[in-house]
Amino acid sequence: MPAISTDKVLVTGANGYVAAWVVKALLEQGFAVRGTVRSDSKANHLRSLFKSYGDKLEFAIVNDIVKEGAFDEAVKGVDAIAHTASPFHTHAEDPSELIVPAVQGTVGILSSALKHGSSVQRIVVTSSCGSILEELPVPKTFTEADWNERALREVETKGAAASAADKYCASKALAERAAWKYWNDHKGEVGWDLVVVNPSYVYGPILHEVDKPEHLNESMRMFYDAAVAGTYDKDMLNWGSSWIDVRDLGLAHALAVKTPGAGGERIIVSQSVFKLQDFVNVAHRLYPQLPAGDTDFNPATAVYFQAYDTSKVRKLFGIKLHTIEEMVKDSLEDFKARGWIQ
Ligand code: NDP
């Protein structure tokens, strides 16, 4: 694939937490962007945020990614696609509430690109480390060769009784598998290649429209509840995984669009392991009025279960990642500016 650097990229679910940073990174890298949103009013905040980019940012309405042919119009005339739209929440009763939009949205955009995206050269799908990690009793460093077979089994056998995390992880694993299958089945017919980005938990300041903390996206609501609201007990504060700064993830998407060597790769994008209490410790040091959380927590003896081998992303993109200190500080400054911290 030739390097794409000055052309138009379609970003699905542009008004989402991650996508807003993807749009920003693409604009900063010189791309024009067409973002999909469910309704025109959902584009207003981004229009105003990025008004200095003028007509380099436009929007298309896709009110439900599940609908057959949902992206048929939106893919016309773009050179690359970043497909981020997918539900991420913990209140799905039936796993299909997550799985259907995740899988059909992904297959839908690939098939729209096959039929109507004659200028598309690359498609970047936002998957998740949820399609890689497994909840294990011992620590493990996962690689791009791993798949979350456990979540798939859990959802297959338990259905609605599976955990919220397993339902979400299964939706991401099934959507990613469907993307690779679609690509393998159709690679002879299309002019594009496929890149899959697998972020760990995403934290950092907010660009998209959020009126109150209760309406934060899933990962930042968790951050807010731990570091600001102080609503979590010790068990929850000692929960953790690995994390990535949303700004680095936005840039990783832009580089995934334009780096020739990324084609055909599954790429873990992650900074380091964490427990929620690690975030609370930084937050409390910076803002002593915020909760101290679990004061018995000792990072030196805590067991961090889900680490990732990030050699591929470092080699391909060489991004200097934000530190935990920077991420917590900038997130809290953002909350303070919104009046969410006194
Ligand atoms: P958000 O909830 O902020 O964004 C999700 C986006 O998808 C929104 O624009 C939403 O539109 C859109 N969307 C969801 N379902 C549909 C649908 N049926 N039809 C049309 N649009 C839909 O989530 P994030 O930004 O956190 O997540 C973005 C991507 O990153 C997802 O693929 C997620 O799985 C992945 N990811 C996120 C992580 C995280 O920690 N945040 C970690 C790893 C991966 P609307 O707002 O209008 O509903």
If I take every Cα pair under 8 Å that is 6 or more residues apart in the chain, average their sequence separation and divide by the length, what percent do I get for the relative contact order? 19 percent
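Of all the Cα-Cα pairs you can form in the stretch 8-338, what percent are over 26 Å apart?
46 percent
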Pick from ALA164, ALA14, ALA82 the residue whose mean-square fluctuation is largest in a GNM of the chain, springs joining Cα atoms under 10 Å. ALA164
For the chain, set up a Gaussian network in which alpha carbons nearer than 10 Å are linked by springs, and say which option among ASN198, ASN298, ASN217 fluctuates the most. ASN298
Within the stretch 165-238, count lysine pairs with alpha carbon atoms under 30 angstrom apart where the residues are 8 or more positions apart or belong to different chains. 9
Diffing the stretch 133-142: the Karplus 3J(HN,Hα) column from phi (6.51, -1.76, 1.60, θ = phi - 60°), in whole Hz with x for Gly and Pro, holds 5, 10, 6, 10, x, 10, x, 8, 9, 7
Long-range amide H contacts for ASP193: which residues qualify at under 5 Å (H placed 1.01 Å from N, peptide plane, sequence gap of 5 or more or a different chain)? ARG122, ILE123
For the stretch 26-43, Karplus couplings with θ = phi - 60° (6.51, -1.76, 1.60), whole Hz, Gly/Pro x: 5, 4, 5, 7, x, 7, 8, 10, 10, x, 9, 9, 6, 8, 4, 5, 6, 8
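Here, each number is a calculation from the coordinates, and none is a lab measurement. Only a predicted model underlies this, so the values are computations on that prediction, with no experimental measurement involved.
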